[in-house]
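What follows is a short report on a single structure.
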Amino acid sequence: QVQLVESGGGLVQAGDSLRLSCAASGRTFNRYTMGWFRQAPGKEREFVAAINWRGGASYYADSVKGRFTISGDNAKNTLYLQMSSLKPEDTAVYYCAAGTSTMVTMAREYDYWGQGTQVTVSS
């Protein structure tokens, strides 16, 4: 079992930066692919970014490429999402997830989820 707890969300203005954290506990952190997803009201959950802990490869949705950076601290079992140049369309609940599938952009391939943290970007 893996437990995930997100933090760091909040209300910011367009153009601001924010860093989300996801603290993981349970099984060895580096066995999993870790991802960030988001869900806006009335919309489906969508892929934001993922990192393969073993190989170090990272993946991003086109909508956040160049603005968001996913990283992690294996010693702290913590995943991060650094968000810059935030836009109102980035407003959503952001979820951290862990899984073992190679299909990193698909939410259904992840086995464990956090409770989410709200990010609101005002214009």
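Could you tell me which numbered condition residue 55 fails, if it satisfies all but one of (1) in contact (Cβ under 8 Å) with a residue 60 or more places away in the chain; (2) not in a strand (DSSP E or B)?
(1)
Looking only at the range 75-123, filter to residues that are among the polar types (S, T, N, Q), open to solvent by less than 70 Å² (accessible area, probe 1.4 Å) and not in a strand (DSSP E or B); which one of those is modelled with the lowest pLDDT?
Looking at the filtered set, the residue picked out is 101.
Looking at (1) over 14 Å from residue 93 (Cβ atoms); (2) under 15 Å from the mean Cα position of the chain (by Cα); (3) of a type outside the set (A, V, I, L, M), find the lone condition where residue 26 falls short.
Here residue 26 clears every test but (2).
If I go through the range 34-52 residue by residue, how many of them are assigned to a loop (DSSP other than H, G, I, E, B) and of a type in the set (A, V, I, L, M, F, W, C)?
Within the range 34-52, residues that are assigned to a loop (DSSP other than H, G, I, E, B) and of a type in the set (A, V, I, L, M, F, W, C) number 1.
Answer with yes or no whether residue 31 is surrounded by fewer than 16 Cβ atoms within 10 Å (Cβ to Cβ) and either under 14 Å from residue 113 (Cβ atoms) or modelled with pLDDT under 95 (or both).
Answer is yes for this residue.
List pairs: first residue in the range 96-123 and on the phi > 0 side of the Ramachandran plot, second residue surrounded by fewer than 20 Cβ atoms within 10 Å (Cβ to Cβ) and at pLDDT 95 or above anywhere in the structure, Cβ distance under 7 angstrom, at least six positions apart or on different chains.
Close Cβ pairs satisfying both conditions: 116/93.
So in the range 59-75, with the set limited to residues that are over 14 Å from residue 20 (Cα atoms) and small (Gly, Ala, Ser), which one is nearest to the chain's Cα centre (by Cα)?
Taking the candidates together, the pick is 61.
From 50, 57, 24, which residue is at pLDDT below 95, surrounded by 13 or more Cβ atoms within 10 Å (Cβ to Cβ) and farther than 25 Å from residue 123 by Cβ?
24
The values are calculated or read from the model by the stated rules, or taken from the named source; none is laboratory data. Being a predicted model, the structure only gives us computed values, none of them experimental. Ideal geometry is used to build each Cβ from the backbone, glycine not excepted, and the neighbour counts take in all protein chains shown. Heavy atoms of the whole protein, side chains included, go into the accessibility calculation; ligands, DNA and RNA do not. Shrake-Rupley method; radii C 1.70, N 1.55, O 1.52, S 1.80 Å.
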